[in-house]
There are 4 protein chains.
Amino acid sequence: MNIAILTSGGDSSGMNPAIKKFVEYSYLKNHTPYFIYDGLEGLIEGKIKKASFKDVSGIIFRGGTIIRSSRSKRWYEKTYRKQAYENLKKHGIDALVILGGDGSFRALDVFYKDFKVPFMGIPATIDNDIPLNDYTIGTDTALNVIRHAIDEIRDTASSFARAFVIEVMGRECGYLALTSAVANGAEMCLIPEVEYSLENLKKRYLNEIKNGRGYFIAIVAEGLKITDKIKEWFEKEIGFEARSTILGHIQRGGSPTVFERLTAAEFIVKAIDHIESSPDKIVTHKNGEFILKDLNEIITSKYALNPEMLKIAAPLMGKE
Amino acid sequence: MNIAILTSGGDSSGMNPAIKKFVEYSYLKNHTPYFIYDGLEGLIEGKIKKASFKDVSGIIFRGGTIIRSSRSKRWYEKTYRKQAYENLKKHGIDALVILGGDGSFRALDVFYKDFKVPFMGIPATIDNDIPLNDYTIGTDTALNVIRHAIDEIRDTASSFARAFVIEVMGRECGYLALTSAVANGAEMCLIPEVEYSLENLKKRYLNEIKNGRGYFIAIVAEGLKITDKIKEWFEKEIGFEARSTILGHIQRGGSPTVFERLTAAEFIVKAIDHIESSPDKIVTHKNGEFILKDLNEIITSKYALNPEMLKIAAPLMGKE
Amino acid sequence: MNIAILTSGGDSSGMNPAIKKFVEYSYLKNHTPYFIYDGLEGLIEGKIKKASFKDVSGIIFRGGTIIRSSRSKRWYEKTYRKQAYENLKKHGIDALVILGGDGSFRALDVFYKDFKVPFMGIPATIDNDIPLNDYTIGTDTALNVIRHAIDEIRDTASSFARAFVIEVMGRECGYLALTSAVANGAEMCLIPEVEYSLENLKKRYLNEIKNGRGYFIAIVAEGLKITDKIKEWFEKEIGFEARSTILGHIQRGGSPTVFERLTAAEFIVKAIDHIESSPDKIVTHKNGEFILKDLNEIITSKYALNPEMLKIAAPLMGKE
Amino acid sequence: MNIAILTSGGDSSGMNPAIKKFVEYSYLKNHTPYFIYDGLEGLIEGKIKKASFKDVSGIIFRGGTIIRSSRSKRWYEKTYRKQAYENLKKHGIDALVILGGDGSFRALDVFYKDFKVPFMGIPATIDNDIPLNDYTIGTDTALNVIRHAIDEIRDTASSFARAFVIEVMGRECGYLALTSAVANGAEMCLIPEVEYSLENLKKRYLNEIKNGRGYFIAIVAEGLKITDKIKEWFEKEIGFEARSTILGHIQRGGSPTVFERLTAAEFIVKAIDHIESSPDKIVTHKNGEFILKDLNEIITSKYALNPEMLKIAAPLMGKE
């Protein structure tokens, strides 16, 4: 088979190891791997190239995606999808593997309905917001980049009586914020999925200050859009000088962690092994296993945060 | 209950987050946490202290173990174990949690047989050599320290036509070497558990050199004690200038990764939740679950490397 | 002599190695070192303690300042300075060493005029904005933290046709932005000290895009307060999707670099060696030498950016 | 002019930023830059290529050298130098810039005497062993890689009563060991240039152990070849369990530091600005200035370690 890979939507660290494995494992299984550059836009434009071992040499430790990504509005017009299909036919591509989020999966699902081009979706986004799935490529690296940043902020935080309000990525999903708050021993964790009580937190903080607490580290999910408000809250309500920091795009970068690289490779193996028999599926990772799911099942479900971690973090949200 | 924690044998990154969680979770569950300093030697000497929140503030991001570790020969004389028991009684300690490897678990098992002091063993060693168990505390951090070192060596490797032979830790166990070879895209992986064929590797390498291969990264497990021999082999048999590097103790250090911190905390929760009902057990982590095991079951089993990973790495060992 | 050290204003990485050297070198020279905690506020409050070797063990690799810092408004009322003076007398302190910026030096200069307490000022701020001085403690570490962040952003930048607008610290001073732009090969560098021409940059960029430029990295000094405006400019005028990132407080953190640690130690040696003979001076670092300056000379001068570097960066500002 | 650059001998981090600057500054000054791949061996083989901006895009943050390096024995036979000269003539190369150590400079000096091909030598080696010169490209990065490794070892060291003996690179030169010992607060520093007294160190250490010292970090220069002996000395004479670690080739790698990148660029500017007027010189860096020196002056001098730093480190060598 001729199988092409593309990356779509926001990039995440781990896409490159996945691309490398895609090329190597395709050849091992006697398929021919192709690259589609620039995501769906590149598919419309016909930016398709046969991939070689040389293309993927030395990329395992690089963030980002060497085949680049894009967001495409044109894709939702059938004319452009038709054009994309013609491009695939021209290169003899039999099937597609796409790394991205649920928007990307929908895009290929529509395409499958149009032209019956088999595809496998692999969750790759630092947001970790895919339902029925525990892990999306990029998450472990993002969590460790955040950890490293907080390690650096901690010393400066403890040099003052200060509150540091740190905004982490995740769009509408609080996964990165929740996990980071627990893993870094933060004092506050605010996420879109859970109600929080500043009133309760205030009571607790004022009490802790009396007992000698010298500084606060607060993790706030970007989806809440309240980072500055929380900074002011610390100054007005808690009486602590406060600073806010938006970690921003460093969270998408960094050399992929070992876990990232290994998991990315396993996603690819699962995708290639089943792309012929299951032409329209998403590879999910649940309780340590890789399971194929229908897109429909995924988009009609809701992703859920780990209940154990929510329990641990409850005090950081002002829940009693 | 009064529960004491101690760390024993080689240290590993992740012990400190475990110690922090031990203190916090003990208080949450209305137990009183104690520290035993300097491992079993400290237990013999009576270095026991009630632990406070303050003791564990700011340790989550530190490698090593703040309560220090040791190896004890005296422990195997009953007189000293008796003395240790007296020390525990003096402080009213009801149960022990020990972070270490199988040697440490045996030490407490003997002690349990002597004096019926309940204990829970938590696997903590960068070697990842505990049977019936997937994960030991320290492994994810060690793997990422190794990754970082190889990332740094890679650029210098590609600046020459050279072979870099990198020795990684693990004592008799090839886990770190195997996983690192796969995760870092190495060309050679030699471990104690699997026969390798230098003859086959030579054939393959000479062929690859003809096709333009510019450098080699070889990962060798310390247990084989052949690092220098492999360096010479590259020079004599392959005709490549070679360098060897023993990564050494940096592999035990480094700020614990996010996965490390979270897993360490989960081990502790499991241990404290069951220490009363199951007084003589090891907490294991298998297929994503935490399971209590009898020491006997563990020491009569053999740890096994991941068969999938062995398959992937087979060509790096010269297996056809 | 009894010499006390305090840190004042914003913290910077390198303060801790300076504090360590202060203690060690004081004892070597048969002085007695004291700590004043919490900066000038702590001096008013009498938070003074004799310092020991043990206090500074293991701090050489930590960012921030273990004796903490503050900003004090009360200091400008003579009553409080009087109180501070009484505190010094009570502990028998003969002289002060202060790590901070020009505001901190003025504070002690006023104090010297009041009570004739000898002091030495040591420039410590990541802004590097002290006149007649090349280096302030914290700068080399901050530059390398910025470098590391840009290294991580670069891979994600090259995964899209995008402009990344990165805001770096420095208050009114463009030093960090200028140096970072040159050291990281940025395409744009905007700082408060130099006029820039977006018109010229636009011409150049549009031309470069025609020749295949795939992404832009723009470094903008925080003092300009135009980060978001530049992001919009890229989208409207250049037609490139843009992202902005404010690096924020990670720039104050991080383990001090080797250069930082060595330079911090040399500042301290110079200060202690001359504090008796020159009771009211600032230690400056100019062309590789350490020179004592009168505060007056400093505050009536203007700091200057390196003209060589400005020349190199001129094209990044749209200068022809 | 057509100017070619080559890298020779051991690689060091900072060579790539120098190569990038070489290409950019050559074009700015209306020269045409060329690459010679694989050092002097490549020059003999005629591996010469005109360099473009594209060749150096994205290399500023990479260790190693993209034009690769080598050691050449053939160079010392005139036949091969003749062949090299013919290759240069064929490509119309007017002058050479070489990054390397004194051996590389001698090689080009001989060549200059043969064929009058103008060259500029730029010191690039992590050993920092060039006489009359303070800084060689690669040193600041190597020092910070060592610092990072010691930061990681420190936590594990403090988890035991142990001595860690760390061997750092530098061949016959103790610069890296001396600077690292001072910058990292080590307890022992042994280098080839200075006599040390284990007897005195023993007295001091035994005394410190009585006063509570818990661990030792010893830095030993590779040139002494006594790392294992010192490990045994700690065990036998001091009674401390000891571990030795040879940091090895990670010291040549790592993303070049900011100081490295800026200094590398300045070396290049100086070399290109004067290559026509001074056809047979070495660019040296002394007291903050870049100065051209005759090779003869360099090879008849002896490099000297910083006397201030030697004074600071004297107690770590057992000097009273």
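The table below gives the values:
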item	result
Among residues of segment D:292-302, those that are outside any loop (DSSP other than H, G, I, E, B), among the charged types (D, E, K, R) and within 18 Å of the chain's Cα centre (by Cα), counted	0
Failed item, numbered, when B:GLY248 is tested on (1) closer than 30 Å to D:SER159 by Cβ; (2) in contact with a helix residue (DSSP H, G or I) (Cβ under 7 Å, 6 or more places away or on another chain); (3) surrounded by 22 or more Cβ atoms within 10 Å (Cβ to Cβ)	(2)
Some residue of segment A:238-256 being in a helix (DSSP H, G or I), at pLDDT 95 or above and facing another protein chain (nearest Cβ under 10 Å)	no
Long-range neighbours under 8 Å by Cβ, at least six apart or interchain, first residue assigned to a helix (DSSP H, G or I) within segment C:303-320, second exposed (fewer than 14 other Cβ atoms within 10 Å of the Cβ)	C:MET317/C:GLU195; C:MET317/C:SER197
Any helices (runs of 4 or more DSSP H) falling wholly within segment D:59-163 and containing at least 3 residues that are under 23 Å from B:ARG154 (Cα atoms) and among the polar types (S, T, N, Q)	D:139-157
Residue satisfying condition, being of a type in the set (Phe, Trp, Tyr), outside the structural domain of A:THR227 (by TED's automatic domain parsing) and touching an Asp or Glu at 6+ places or on another chain (Cβ under 8 Å), within set A:PHE267, A:PHE290	A:PHE290
Search result, residues across segment D:210-228 that are out of contact with any Phe, Trp or Tyr (no Cβ under 8 Å at 6 or more places or on another chain) and either outside the structural domain of D:LEU178 (by TED's automatic domain parsing) or more than 18 Å from D:THR245 (Cβ to Cβ) (or both)	D:LYS210, D:ASN211, D:GLY212, D:GLY214
Residue in segment C:290-309 that is touching a Leu at 6+ places or on another chain (Cβ under 7 Å), within 9 Å of another protein chain (Cβ to nearest Cβ) and not β-branched (Val, Ile, Thr) present	yes
Candidate set: segment D:15-35, residues that are under 22 Å from D:ASP109 (Cβ atoms) and more than 14 Å from chain B (Cβ to nearest Cβ); chosen: the one surrounded by the fewest Cβ atoms within 10 Å (Cβ to Cβ)	D:TYR34
Within segment D:141-156, tally of residues that are closer than 18 Å to B:PRO256 by Cα, surrounded by 24 or more Cβ atoms within 10 Å (Cβ to Cβ) and more than 7 Å from chain B (Cβ to nearest Cβ)	1
Test: D:ALA51 is over 22 Å from C:VAL182 (Cα atoms), in the same structural domain as D:THR32 (by TED's automatic domain parsing) and of a type in the set (A, V, I, L, M, F, W, C)	no
Index of the failed condition, A:ILE230 passing every other in (1) assigned to a helix (DSSP H, G or I); (2) within 22 Å of B:ILE60 (Cα to Cα); (3) not hydroxyl-bearing (Ser, Thr, Tyr)	(2)
Within segment B:223-237, tally of residues that are within 12 Å of another protein chain (Cβ to nearest Cβ) and hydrophobic (A, V, I, L, M, F, W, C)	0
Residue list for segment D:157-199, filter: buried (at least 24 other Cβ atoms within 10 Å of the Cβ), hydroxyl-bearing (Ser, Thr, Tyr) and more than 30 Å from B:LEU99 (Cβ to Cβ)	D:TYR175, D:THR179, D:SER180
Segment C:274-289 - residue that is within 14 Å of another protein chain (Cβ to nearest Cβ) and without any contact (Cβ under 8 Å) to a residue 24 or more places away in the chain and, of those, nearest to C:LYS203 (Cα to Cα)	C:GLY288
Qualifying residue in segment A:225-244 (condition: within 25 Å of B:THR257 (Cβ to Cβ), crowded, with 22+ Cβ neighbours inside 10 Å and touching a strand residue (DSSP E or B) at 6+ places or on another chain (Cβ under 6 Å))	no
Count of segment B:157-168 residues which are in contact (Cβ under 8 Å) with a residue 60 or more places away in the chain and either more than 23 Å from the chain's Cα centre (by Cα) or more than 11 Å from every other protein chain (Cβ to nearest Cβ) (or both)	7
Complete set of residues in segment B:15-39 that are under 24 Å from B:THR141 (Cβ atoms), assigned to a helix (DSSP H, G or I) and either at pLDDT below 95 or not small (Gly, Ala, Ser) (or both)	B:MET15, B:ASN16, B:PRO17, B:ILE19, B:LYS20, B:LYS21, B:PHE22, B:VAL23, B:GLU24, B:TYR25
Residue count for segment C:44-60, restricted to those that are within 13 Å of chain A (Cβ to nearest Cβ) and either over 26 Å from the mean Cα position of the chain (by Cα) or surrounded by 22 or more Cβ atoms within 10 Å (Cβ to Cβ) (or both)	2
Any hit, segment A:167-189, residues being touching a Lys or Arg at 6+ places or on another chain (Cβ under 6 Å), among the β-branched types (Val, Ile, Thr) and not assigned by TED's automatic domain parsing to the domain that holds A:ASP11	no
Odd one out for A:TYR196, checked against (1) assigned to a loop (DSSP other than H, G, I, E, B); (2) more than 12 Å from chain C (Cβ to nearest Cβ); (3) at pLDDT below 95	(3)
Members of segment D:1-14 that are more than 11 Å from every other protein chain (Cβ to nearest Cβ) and in a strand (DSSP E or B)	D:ASN2, D:ILE3, D:ALA4, D:ILE5, D:LEU6
Residues of segment B:261-320 satisfying the condition of being among the hydroxyl-bearing types (Ser, Thr, Tyr), buried (at least 18 other Cβ atoms within 10 Å of the Cβ) and closer than 30 Å to B:TYR196 by Cα	B:TYR303
Filter pass, D:ALA271 being of a type outside the set (S, T, N, Q), closer than 30 Å to D:PRO118 by Cα and outside any helix (DSSP H, G or I)	no
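The values are calculated or read from the model by the stated rules, or taken from the named source; none is laboratory data. Just so we're clear, the structure is a prediction, and the values are computed from it rather than from any experiment. FYI the Cβ positions are ideal-geometry reconstructions off the backbone, even for glycines, and counts take in every protein chain you see.
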